[in-house]
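First up is the structure itself, then whatever we jot down about it.
The values are calculated or read from the model by the stated rules, or taken from the named source; none is laboratory data. As the structure is a computational prediction, the values presented were derived from the model and not from experiment. Ideal geometry is used to build each Cβ from the backbone, glycine not excepted, and the neighbour counts take in all protein chains shown. What goes into the accessible areas is simple: the full protein's heavy atoms, side chains included, and nothing from ligands, DNA or RNA. Shrake-Rupley method; radii C 1.70, N 1.55, O 1.52, S 1.80 Å.
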Amino acid sequence: IMQHAKNVSLVQETNTTTRLINTVRAIPAPPSGWSLNDDLIMPWFATLETAQSLRRTVLNTLFPTRPNSHCNDENSPRLGVLDRLGSRHLMNYQDIVTHLQVLTSTPVVYATFENASFQRQVDFFSSIDILVSPHGAQLTGVLFMPRCGSVLELLPRYYHLHYFFGSLTANANLTHAYIYLSDGDVEEDMKNVSSLASRKKARSAQLCPPVSSIVSGVETLIGKWKSCCANIGV
């Protein structure tokens with residue numbers, strides 16, 4: 001199965017409430033805790049400080065000289081595409097990498113995590129400012145991305161689980177956006193995956209996301225990255 005969508009829209013902004021709306025990330029609550037007013041918001045860490053403490057401990061142990069951000073690297077973020085070799089593989093990953101390269105002066109990094117060690121995964125995440133990746137367990141290390149980082153997640157049709165890694169990304173104080181690969185209505189699509197077998201079939205799809213939508217989304221995330229860098233005084 002290969003999924004392709006002609007008219008995919010990326011919602012690029014988040015609202016200021018704690019609700020998940022349309023195609024938007026989970027919004028982290030103040031450092032005192034996480035707001036659970038919406039049932040879809042999943043608390044991965046007790047507090048923002050807990051997440052950052054874990055990040056600092058791991059990075060200081062494995063990569064003690066790794067910078068906390070790349071904000072002073074000639075105002076050009078480091079882009080990465082994290083793929084899968086099994087289900088949800090990006091069939092057009094070469095086109096994606098080629099078009100993203102135009103947006104940055106540093107080489108776009110393409111990677112997969114099959115048989116990758118924990119250290120290798122942390123090395124990758126901590127080197128990437130803006131990440132494009134299909135939905136999957138390979139995203140569990142986004143916590144180790146640099147400050148001002150962001151994730152553009154690609155969701156297969158019938159698998160509209162933006163809140164899962166959206167919450168993890170937001171809990172790590174990063175930005176999350178996603179593209180749902182369907183021209184159909186989300187609610188109608190999700191009615192077709194009420195069984196375990198149907199969900200497994202949805203997860204097994206191969207993906208061919210529209211490159212123009214990915215480029216547009218990454219351009220917006222680059223703007224957010226630059227704004228974040230400006231706000232921290234770099």
Distance from a point 7 Å along Cα→Cβ of Asn68 to each backbone N in segment 169-192: keep the residues under 15 Å and list them by number.
173-174
Express in Å², to the nearest 10, the accessible area of Leu59 obtained by rolling a 1.4 Å probe over the protein heavy atoms while all chains stay in place.
10 Å²
Bins of 5 Å from zero: percent of alpha-carbon pairs in segment 152-234:
3, 13, 19, 20, 18, 12, 7, 4, 3, 1, 0
Report the dimensions of segment 122-167 along its three principal axes from the alpha-carbon atoms, largest first, rounded to Å.
32, 17, 16
For segment 93-213, what is the accessible area per residue in Å², given a 1.4 Å probe and the full set of protein chains?
40 Å²
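Under the Kirkwood approximation applied to all pairs of distinct alpha-carbon atoms, what is the hydrodynamic radius of segment 89-234 in Å?
Mean inverse Cα-Cα distance, inverted, gives 16.2 Å.
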Per residue, the convex hull enclosing the alpha carbons of segment 81-145 has a volume in Å³ of 81 Å³
